[in-house]
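Remarks on the structure that follows.
The values are calculated or read from the model by the stated rules, or taken from the named source; none is laboratory data. Everything numeric here is computed off the predicted structure, so don't read it as measured data. Please note: Cβ atoms are built from the backbone with ideal geometry, for glycine as well, and neighbour counts cover all protein chains shown.
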Amino acid sequence: MGGYPSSKPMKKSLGDLFLREKTLKERGEKVLGFTLTSPAFPPPPIREKILNFYKFSFSYSPAGGDLGLREVLANFYSKKWQVDLKKENVFVGNGGKEVLFILLQVLLKKKGEVILFSPYWPSYVGMVKMAGGKLKILKTSEKHGFYPDLKELKKKISSKTRALILNSPCNPTGRILRQKEVEYLADLSQKRNFILISDEVYEIYDFENLYCSFLKFFHKNIFCVFSASKIFSLCGWRLGWGFGDEKLIEEMKSYQNDLSTSPHTLSQILMREIFREEKKVLRYFSKNKKLAQERRDFVINFLKERKIDFIFPEGGIAIFIKIPSKFKNAFSFSETLLEKEKVSVAPGEIFGHKKYFRMNLALPFEDLKEGLKRIARYYS
Ligand code: PMP
């Protein structure tokens with residue numbers, strides 16, 4: 001299946017941009033891809049483990065995850081956040097995506113509203129809709145650096161509110177909730193009886209040492225999501241995990257049993273072995289955080305020198321950059337970048353803001369340098 005000829009106007013959807021990028025690549029053009037947030041850092045040394053464990057990987061695992069993996073995850077995060085998590089509080093899925101998807105399906109069985117701050121990671125919108133929930137989107141303001149307004153949030157919570165989705169470090173803005181806010185929100189979820197879904201898949205990319213997990217204030221209304229894709233650069237393993245109330249996890253297990261039976265067996269066994277070597281894991285995390293921080297600093301210095309506006313990424317592996325003023329929206333800027341410069345970025349419209357675009361930071365320096373050079377041409 002080919003793309004459409006470049007003489008035809010592009011339709012305004014991310015799918016079309018992806019298709020166009022694919023077509024260009026198939027034609028042998030080199031496209032610098034900054035669209036996805038998959039880190040291009042070295043994964044942990046796992047080759048030997050794969051050879052040792054593959055013979056145990058031919059069967060299904062239990063729904064909800066391998067018991068050994070659930071146990072090591074409970075121990076690791078309990079120690080990290082000084083909280084008492086049991087393996088019964090852990091749910092493992094095929095990626096953080098499956099964890100979130102199943103969670104929303106279960107929570108929204110009897111419908112209800114889900115509150116989400118914009119700019120947001122686009123899949124939340126699709127997932128809530130697929131689960132039959134009603135979305136209430138609260139815009140954060142550019143003037144206030146896209147920090148969520150908690151007073152506004154408090155006013156919007158009603159008896160219909162089933163869940164609130166938070167994402168810190170945030171994709172795409174890189175904003176991080178402060179511990180004070182985390183404590184306040186954890187308390188609010190209990191008082192107002194909604195489930196607080198905290199997506200913390202970028203947990204290790206905390207450049208200003210601001211990040212605090214909701215696990216620190218864990219109770220039955222909190223559900224936290226994590227992922228091997230981002231912290232181990234293992235997107236292809238499709239492995240994520242979440243911590244929540246035991247009863248909720250039981251319902252999620254039964255849903256997963258009908259959906260995919262279990263998460264990918266080999267990925268789980270290997271992840272269990274990786275987490276067993278706790279010191280090595282911690283060293284690996286700090287090394288990757290440093291790699292990401294060096295790239296963030298390089299990119300923000302480049303943008304500052306050229307007076308290009310952006311949102312300061314306190315964490316995460318992406319940066320949200322303002323489009324040049326001569327473009328009317330981020331889609332048209334992204335189309336131009338792709339067609340003329342062979343650079344692909346994610347237009348802000350998909351995150352709920354048309355004046356910004358998002359680019360991945362966790363990439364080789366040469367790609368960042370070359371891509372930024374091409375992007376900067378449009379700001380002069
Ligand atoms: N949450 C956020 C905010 C993400 O950016 C992503 C991946 N782009 C995910 C969850 C899901 O990641 P995965 O399914 O690869 O674990």
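Here are some notes:
- Unique match (being in contact with a helix residue (DSSP H, G or I) (Cβ under 8 Å, 6 or more places away or on another chain), crowded, with 18+ Cβ neighbours inside 10 Å and assigned by TED's automatic domain parsing to the domain that holds F207) among L150, L138, L196: L196
- Subset of the stretch 234-287 (residues that are of a type in the set (S, T, N, Q), out of contact with any Gly (no Cβ under 8 Å at 6 or more places or on another chain) and crowded, with 20+ Cβ neighbours inside 10 Å): S267
- Test for F226: is it touching a strand residue (DSSP E or B) at 6+ places or on another chain (Cβ under 9 Å), under 30 Å from P43 (Cβ atoms) and buried (at least 22 other Cβ atoms within 10 Å of the Cβ): yes
- Hits in the stretch 35-70 - residues which are in contact with a strand residue (DSSP E or B) (Cβ under 8 Å, 6 or more places away or on another chain) and more than 21 Å from K230 (Cβ to Cβ): G64
- Where strands (runs of 3 or more DSSP E) fall wholly inside the stretch 127-231, the ranges with 1 or more residues that are within 14 Å of the ligand (Cβ to nearest atom) and either modelled with pLDDT under 95 or aliphatic (A, V, I, L, M) (or both) are 161-167, 195-199, 222-227.
- Complete set of residues in the stretch 84-110 that are part of a loop (DSSP other than H, G, I, E, B) and either surrounded by fewer than 18 Cβ atoms within 10 Å (Cβ to Cβ) or of a type outside the set (A, V, I, L, M, F, W, C) (or both): D84, K86, N94, K109, K110
- The test for being over 20 Å from the mean Cα position of the chain (by Cα) and surrounded by fewer than 23 Cβ atoms within 10 Å (Cβ to Cβ) does not hold for S189.
- Residue within the stretch 115-124 that is part of a helix (DSSP H, G or I) and surrounded by fewer than 19 Cβ atoms within 10 Å (Cβ to Cβ) present: yes
- 3 or more residues within 16 Å of the ligand (Cβ to nearest atom) and aliphatic (A, V, I, L, M): qualifying helices (runs of 4 or more DSSP H) within the stretch 232-348: 265-276
- Whether a residue is more than 19 Å from the chain's Cα centre (by Cα) and small (G, A, S) was assessed, and S57 passes this test.
- Some residue of the stretch 228-238 being closer than 22 Å to V182 by Cα and free of Cβ contacts under 8 Å to residues at least 12 places away in the same chain: no
- Every residue from the stretch 86-130 that is of a type in the set (K, R) and over 28 Å from P347 (Cβ atoms): K86, K87, K109, K110, K111
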